[in-house]
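Inspection log for the structure reproduced underneath, given as structure tokens.
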């Protein structure tokens, strides 16, 4: 059995850790409220943007455009959104697994655009090429940052350096539900239309003003920027939700450990007192 001093020292250590986890839980709760509000405000816009573009593309017929054509280049640029800090449960590891365990991807064909140092470091250790590091923008997501990143990616796509662009992020469903998501950004895939929609599409195609190529040159970059920014906002909310849950679990576990150590300390103390009484009685009997 551990000595009373060892038990007391360990109990003090656990209590100190519990104070830290409580504080981190409170901080994460406040950040989550703000991040969730931002995610909920923007979610409707981005969902409608996605549906609108898919609806437009479904009515374009067999139109040829650089953002719609499959490339022979196997290189895939993957925007990986994780966090700059740990202690968030499986938040970061779930996104990393989404990349490293993809069934059809070859590691040499993937280039990573990292948003978040945890994903950057983990994928670099696994042998993936980290093309660019945008970890700073995950702290305070801004639409302007998403626009700059989109411009860089589209330039590489147009120059043939990459053949596909993906976004890996954690979708925020609720405080306790966060879903690792891999979304293909380019080439933009046309959604499959229902039979009723197909009949309309066959008879009435989308009319573009200005010309269809100029219209898509303007529309697609805004569409991709919106998806990247939406992914950033949802990822930040998911991160804080995951960290709040992790710190809540850690605080509860610390409470259980403190109770267990208190019981062990009391038993050790009682055993020590009993031993001292036994020695006193034995000594008294020896004298008499």
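None of the figures in this text is laboratory data; all of them are computed from the coordinates on show. Here the structure is a predicted model, which is why all the values come from computation and not from measurement. So basically every Cβ, Gly included, is an ideal-geometry build from the backbone, and we count neighbours across all protein chains shown.
Below are the figures for this structure:
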| read-out | value |
| --- | --- |
| Members of the stretch 46-55 that are touching a helix residue (DSSP H, G or I) at 6+ places or on another chain (Cβ under 9 Å) and surrounded by fewer than 17 Cβ atoms within 10 Å (Cβ to Cβ) | 47, 50, 52, 55 |
| Residues (surrounded by fewer than 10 Cβ atoms within 10 Å (Cβ to Cβ) and in contact (Cβ under 8 Å) with a residue 12 or more places away in the chain) located in the stretch 265-288 | none |
| Test: residue 66 is out of contact with any helix residue (DSSP H, G or I) (no Cβ under 9 Å at 6 or more places or on another chain) and surrounded by fewer than 17 Cβ atoms within 10 Å (Cβ to Cβ) | no |
| Some residue of the stretch 93-115 being crowded, with 18+ Cβ neighbours inside 10 Å, more than 19 Å from residue 228 (Cα to Cα) and touching a strand residue (DSSP E or B) at 6+ places or on another chain (Cβ under 6 Å) | no |
| Residue 43 being surrounded by fewer than 12 Cβ atoms within 10 Å (Cβ to Cβ) and out of contact with any helix residue (DSSP H, G or I) (no Cβ under 6 Å at 6 or more places or on another chain) | no |
